[in-house]
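One structure is given here, and the rest of the page talks about it.
The values are calculated or read from the model by the stated rules, or taken from the named source; none is laboratory data. This is a predicted model, so every value here is computed, not measured. Note that each Cβ is placed from the backbone with ideal geometry, even for glycine, and that neighbours are counted across all protein chains shown.
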Amino acid sequence: MRCAVIFVVICGFAFARKKCDPSITTASGTFAPTDKICPGDIIFQEEFDSLNLKKWQHENTLGGGGNWEFQWYTNNRTNSFVNDGVLYIKPTLTADHLGYDALYYATLDVNGGAPGDQCTNPRWYGCSRTGNAVHILNPVKSARLRTVDSFSFKYGRVEIRAKMPAGDWLWPAIWLLPRYNAYGGWPASGEVDIIEARGNRDYTLDGQQIGSQMIGSTLHFGPDWAHDSYVKAHWKKVNPTGYNSDFHVYELVWDANSMNFYVDSELVGGVTPSKGGFWELGGWGDTLSNPWQGEEVMAP
Ligand SMILES: *[C@@H]1O[C@H](CO)[C@@H](O)[C@H](O)[C@H]1NC(C)=O
């Protein structure tokens, strides 16, 4: 279940004002700056004093995230709310809402009739599902918020102060996904996972805790879904106290040459591609066709 629980997003895209050499950062969307962007300007910021639904669109889908995850993303203040400058994402059990038996026979249809409650992702049976004994209905309700219409950007610095959730099955994530799929469908236009974690309090692999004590940052990229070379761009960091025990600042620094990830200013990992860009990093040679041919070295 992918859900980001309890996070404050302070997306500070470090960059100054009017008379300046223009920043390499570009931005679009209803909350993007309309003036020229100077290096050092903060161009998007959120303190969660309120939940601004013009900025933050809720996903409304049963489709999970492409991994048959079993959450139902909903726009419901039980599952997402702000309190004291913190956005909480709180999973609840579908059975507590619809009854346990309903998971085995009911039909959930999230195609709303109003502009605010339309299904946001039809893939993977996302807009309507009927439960049965083999495939029960999504047993958990949660939330996924996005700035798809309000804000998108290229190049810059992102800082997010967040606290990870603890608990089995929880998979908190803060991502950037492409707004326009400039090079084609996933993962040809890239995916930047600023942070992902597992909520498990005690979960080991080869003697190492891989639950709430570990976070990861990942880039997904490749010519098609069967060729995603994320293993070449995946970094981990361990904190024995657990990332669930306190707020930390998760940071992405993305410029024309590199992308680096930090937690509390400590490097998690990053990539500075050579001339051949992400195609060379992926190692596909000339066996497949390169969607980033002739593009900037940081494409996608
Ligand atoms: C919001 O979620 C709660 C808890 O699952 C549920 O009882 C309530 O009916 C939901 N509201 C709507 C409008 O679906």
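Would it be correct to say that Thr92 is within 16 Å of the ligand (Cβ to nearest atom) and touching a Lys or Arg at 6+ places or on another chain (Cβ under 8 Å)?
On the way: within 16 Å of the ligand (Cβ to nearest atom): yes; touching a Lys or Arg at 6+ places or on another chain (Cβ under 8 Å): yes.
The answer is yes for Thr92.
Looking for whichever is buried (at least 20 other Cβ atoms within 10 Å of the Cβ), of a type in the set (A, V, I, L, M, F, W, C) and more than 18 Å from the chain's Cα centre (by Cα) here; the options are Val110, Val82. Which one fits?
Numbers: Val82 fails: buried (at least 20 other Cβ atoms within 10 Å of the Cβ).
Unique residue meeting the criteria: Val110.
Inspect region 245-260 for any residue being hydrophobic (A, V, I, L, M, F, W, C) and in contact with a Leu (Cβ under 6 Å, 6 or more places away or on another chain) and give the result as yes or no.
First, pick out the residues of region 245-260 that are hydrophobic (A, V, I, L, M, F, W, C): 247, 249, 252-254, 256, 259.
Subsequent filtering for residues that are in contact with a Leu (Cβ under 6 Å, 6 or more places away or on another chain) retains none.
Scanning region 245-260 turns up no residue that is hydrophobic (A, V, I, L, M, F, W, C) and in contact with a Leu (Cβ under 6 Å, 6 or more places away or on another chain).
Return the residue satisfying two criteria in turn: it lies in region 113-145 and is among the small types (Gly, Ala, Ser), modelled with pLDDT of 95 or more and within 23 Å of Tyr88 (Cβ to Cβ), and of such residues it is nearest to the chain's Cα centre (by Cα).
Out of the qualifying residues, it is Ala143.
For region 4-33, which residues satisfy the criterion of being in a loop (DSSP other than H, G, I, E, B), loosely packed, with under 15 Cβ neighbours inside 10 Å and modelled with pLDDT of 95 or more?
Matches in region 4-33: Ile24, Thr30.
Would you mind telling me which numbered condition in (1) over 16 Å from Asn138 (Cβ atoms); (2) under 18 Å from the mean Cα position of the chain (by Cα); (3) within 16 Å of the ligand (Cβ to nearest atom) Lys55 fails?
(3)
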